[in-house]
1. Tally the residues that are free of Cβ contacts under 8 Å to residues at least 60 places away in the same chain and open to solvent by 20 Å² or more (accessible area, probe 1.4 Å), restricting the search to region B:204-218.
2. Of B:Leu166, B:Leu144, which residue is within 24 Å of B:Arg122 (Cβ to Cβ), within 13 Å of another protein chain (Cβ to nearest Cβ), at pLDDT 95 or above and buried (at least 19 other Cβ atoms within 10 Å of the Cβ)?
3. Given the options B:Pro162, B:Pro227, name the one that is under 23 Å from B:Asn104 (Cα atoms) and more than 16 Å from ligand 1 (Cβ to nearest atom).
4. May I ask you to verify whether B:Glu22 is away from ligand 1 (no atom under 16 Å from the Cβ) and either more than 14 Å from every other protein chain (Cβ to nearest Cβ) or free of Cβ contacts under 8 Å to residues at least 12 places away in the same chain (or both)?
5. Looking only at region B:43-57, filter to residues that are more than 7 Å from ligand 1 (Cβ to nearest atom) and open to solvent by 30 Å² or more (accessible area, probe 1.4 Å); which one of those is farthest from A:Gly128 (Cα to Cα)?
6. Of everything in region B:35-66 that's at positive phi and away from ligand 2 (no atom under 14 Å from the Cβ), which residue is farthest from the chain's Cα centre (by Cα)?
7. Please determine, by comparing only the residues of region A:111-158 that are β-branched (Val, Ile, Thr) and assigned to a helix (DSSP H, G or I), which one is nearest to the other protein chains (Cβ to nearest Cβ).
8. Would you be able to tell me the number of residues in region A:66-102 that are under 23 Å from A:Thr156 (Cα atoms), of a type in the set (A, V, I, L, M, F, W, C) and open to solvent by 70 Å² or more (accessible area, probe 1.4 Å)?
Amino acid sequence: MAMEAWSRFLDTFFNLDVIERYFPAIMKGVVVTIEIAAAVVVTGTLLGLVLAIVRTFRLIPMNALIVVFVDMFRALPPLVLVLLVYFGLPNIGINLPSFAVLWLVLALVLAAFAEEIFWAGILSIPKGQWEAARSTGLGFLGTLAYVVLPQAIRLTVPPLTNRTIAITKNTALGTVIGVGEILNQATTAQSFSGNATPLMMGAIAYMILFIPVVVFGRLLETRFAWRRV
Amino acid sequence: MTTGTPPILEIRGLRKKFHDVEILRGIDLLVLPQELVFVIGPSGAGKSTLLRCCNRLEEPSAGSVQVGGVDITARSTDINAMRRQIGMVFQSFNLYPHMTALRNVTLALVKVLRKPRAEAERLGMAALDRVGLANKARSYPGELSGGQQQRVAIARALALEPKVMLFDEPTSALDPELVGSVLNVMRELKRGGMTMLVVSHEMRFARDAADRVIFMDHGLIVEEGPPQRIFSTPSEARTRAFIAELGR
Ligand SMILES: Nc1ncnc2c1ncn2[C@@H]1O[C@H](COP(=O)(O)OP(=O)(O)OP(=O)(O)O)[C@@H](O)[C@H]1O
Ligand SMILES: [Mg+2]
């Protein structure tokens, strides 16, 4: 009886035939997920950093725009944004491939969170650091670049890593607009095979992808926790 | 002040308001080449504000500040070019914690004076040597004692060869046993001919190193004179009360 249940479990989640048949598809999904995740992380983090730097100039209308953007993208569920952009943009004549929509939305969401994290980091650098650098004749941008940002960015590594992991996992949302990432490949395979094994393969693929990232994040966290004066 | 030497620092009618409250109410002060002028006064007198107006970390509300004959408050003045000629040392050191002592000292040499890295390091090492910390060049601020950090901060200002150095309570964040090392460095600077404007309450140091002592209260210079006179026989009642308080 127990043996029977066990073999049904294996048959449902670890069916060897299914694994063999759909392995290439899942691997294709892995590649797509990695591509989108990498694009999102690079562009989202950079855009967030640029926005935080722009904010240090304290131009009031500009900062108001940044705050509105940041709050909107932090408040809305990413799925809502994905659907809104994917089905909304064609109505105004813009047709983006689903890959681009997913990238755009997630990059903007990451940028919004990253901006807040970088901004908090910049604000947490004591005023004395600015004053010391300025008193040696270093300009505003020089002070920002050599004194403030290197310290601020170290402080932002742990929260930014966590946020980045959380947002890149949202690449799975691509499945609802037909991006051929891991989950999309897995659900397609699942409906063709009538077996849950591809979903399990997808889950394992996510783990293989993300566990190293999580561990790397933890490593960075300890590496960057340097002695403060 | 009867000599014909032009002053290094010339403050005229300096006023500073914060939100309609006047913190400096008309300061006139000349600091001559190689002079060490000491500023004392109760908390809130405006001593830090006075120093910070001298390199425009605070924007003066009225009056002028000239350094080496250049009005730093003038619109046309390149303030960054002036600031490197005005060294500043802070109560809280404000070393860059992510850089070694040497990098702290060479940053402005490289990025402001555009010295090649090798020359900057040579000058940086020379400055660290003057404060007795050449052996700590590779240490990070977090690995140094408060006194050592403050000496690195002095070296950072010194390396730019300023015309005048401003010290805002350079020893008041230090444990008593570390104060001496910083004061010794300042004595050395004085001996080397550095012009200095120092806010501090180290009376013993003032007595043997200062040329003049300024007593400030409520945004005004109440009285000034040689340290012996100010500390022993001040003419103003407010000065007398303050000195008595200090001596306790
Ligand atoms: N940025 C600022 N905004 C508003 N008020 C300020 C500012 N900086 C200084 N003040 C006020 O100006 C007054 C003089 O301050 P300042 O720091 O110059 O005094 P101080 O003589 O250096 O005192 P202490 O001995 O406590 O350092 C204080 O009442 C202070 O609250
Ligand atoms: Mg002060």
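The values are calculated or read from the model by the stated rules, or taken from the named source; none is laboratory data. Small disclaimer: the values here were computed from a predicted structure and weren't measured. For neighbour counting, all protein chains shown are included, and Cβ atoms are generated from backbone atoms with ideal geometry for every residue, glycine included. These accessible areas exclude ligands, DNA and RNA; they are computed on the full protein's heavy atoms, side chains included. Shrake-Rupley method; radii C 1.70, N 1.55, O 1.52, S 1.80 Å.
1. Keep residues of region B:204-218 that are free of Cβ contacts under 8 Å to residues at least 60 places away in the same chain, which gives B:204-205, B:207-208.
Cutting the leftovers down to open to solvent by 20 Å² or more (accessible area, probe 1.4 Å) gives us B:204, B:207-208.
Count: 3.
2. Values: B:Leu166 fails: within 24 Å of B:Arg122 (Cβ to Cβ).
After applying the criteria, what remains is B:Leu144.
3. On the way: B:Pro227 fails: under 23 Å from B:Asn104 (Cα atoms).
Among B:Pro162, B:Pro227, only B:Pro162 is under 23 Å from B:Asn104 (Cα atoms) and more than 16 Å from ligand 1 (Cβ to nearest atom).
4. On the way: away from ligand 1 (no atom under 16 Å from the Cβ): no; either more than 14 Å from every other protein chain (Cβ to nearest Cβ) or free of Cβ contacts under 8 Å to residues at least 12 places away in the same chain (or both): yes.
Criteria not met by B:Glu22.
5. My answer is B:Arg56.
6. So in region B:35-66, the residues at positive phi come out as B:41, B:44, B:46, B:56, B:63.
Still in the list and also away from ligand 2 (no atom under 14 Å from the Cβ): B:56, B:63.
Values: B:Arg56: 13, B:Gly63: 20 Å.
Per the criteria, the residue is B:Gly63.
7. At the first step, the residues of region A:111-158 found to be β-branched (Val, Ile, Thr) are A:117, A:122, A:125, A:136, A:143, A:147-148, A:153, A:156-157.
Still in the list and also assigned to a helix (DSSP H, G or I): A:117, A:122, A:143, A:147-148, A:153, A:156-157.
Working: A:Ile117: 18, A:Ile122: 14, A:Thr143: 9, A:Val147: 5, A:Val148: 10, A:Ile153: 10, A:Thr156: 14, A:Val157: 13 Å.
If we take residues in region A:111-158 being β-branched (Val, Ile, Thr) and assigned to a helix (DSSP H, G or I), then A:Val147 is nearest to the other protein chains (Cβ to nearest Cβ).
8. The total comes to 3.
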